[in-house]
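A quick write-up on the structure given underneath.
Any read-out appearing in this document is the output of simple, stated calculations on the displayed coordinates, not a laboratory observation. Note that the structure is predicted; figures quoted are calculated from it, not measured. Here the Cβ is made from the backbone with ideal geometry for all residues, glycine too, and neighbour counts use every protein chain on show.
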Amino acid sequence: AKILLLHGPNLNLLGQRETDIYGDLSLDAINKSAQKQVTDAKIEFATHQSNSESALVEIIQQAKADKVSLIVINPAAYTHTSVAIRDALLAVDIPFIEVHLSNPHRREPFRHHSYFSDVAEAVVAGFGADSYRYALDAAINIITKKS
Ligand code: DQA
């Protein structure tokens, strides 16, 4: 079994970017604890970040060939805009959990709509970097129950 953790645009700036909203942890620190959490559960782990919508589509298409069992994705700003990334996830037919550091529903109205939530297994939002930990915990449970 394998979990792919995907990060969308501007998340490479975590720890420097709007820290009152997104917190002090760098993406590297988040990925390191994610890797430990998943591999401790004897599940393979891979992660990517991209600022480019087309790169994210390519990575999701590749996930099928790489036999990824579940995707945990923070689509960041593409949450609110990207039919292409939604379609890629539906095309590969790999279950996914949508994650956000902030709770988009308590922010600007344009963040209230997600192109992902209605087709996601689940959505975890508003816990800062812990959102990833909770989502990965759920991902591990889903995979462990299946196998
Ligand atoms: C985000 C919320 C999005 O609205 C925003 O564009 C982001 C990050 C979050 O993790 O809280 O870049 O996905």
Checklist entry - Where the centroid of each part is defined by its Cα atoms, how far is the range 112-146 from the range 69-83 in Å? => result 11
Checklist entry - What is the Cα radius of gyration of the range 26-72 over 2.2 N^0.38 Å, N being its residue count? => result 1.24
Checklist entry - Taking other Cβ within 10 Å of each residue's Cβ, how do R107, R133 sort, fewest first? => result R107, R133
Checklist entry - What residue among A122, A65, A84 shows peak mean-square fluctuation when the chain is described by a Gaussian network model with Cα springs under 10 Å? => result A65
Item to check | Computed over the chain: relative contact order in percent, which uses C-alpha pairs under 8 Å that are six or more apart | outcome: 28
Checklist entry - Can you list, largest first and rounded to whole Å, the semi-axes you get for the range 5-124 by taking the square root of 5 times each eigenvalue of its Cα gyration tensor? => result 21, 19, 13
Item to check | Taking the range 34-95 and dividing mean pair separation by its residue count, relative contact order in percent (alpha carbons under 8 Å, at least six apart) | outcome: 37
Next on the checklist: I want to make sure I understand the PRE zone here: with the label point 7 angstrom from the Cα of E44 toward its beta carbon, which residues in the range 65-106 have backbone N atoms less than 15 Å away?
Outcome noted: 65-71
Checklist entry - Can you list the residues of the range 69-83 with backbone N under 17 Å from a point 7 Å past the Cα of N10, pointing along Cα to Cβ? => result 74-82
Checklist outcome for this item: Among E108, E121, E44, the residue with the largest mean-square fluctuation in a Gaussian network model of the chain built from Cα contacts under 10 Å is E108
Item to check | Most mobile of Q35, Q61, Q16 in a GNM of the chain (Cα contacts under 10 Å) | outcome: Q16
Item to check | Built amide H within the under 5 Å cut-off of F45, gap 5+ | outcome: I3
Checklist entry - Going 7 Å from the Cα of D130 toward and past its Cβ, which residues in the range 28-59 have a backbone nitrogen under 18 Å from where you end up? => result 30-31, 33-34, 37
Checklist outcome for this item: Quick note on H80, H100, ordering by fewest other C-beta atoms within 10 Å, gives H80, H100
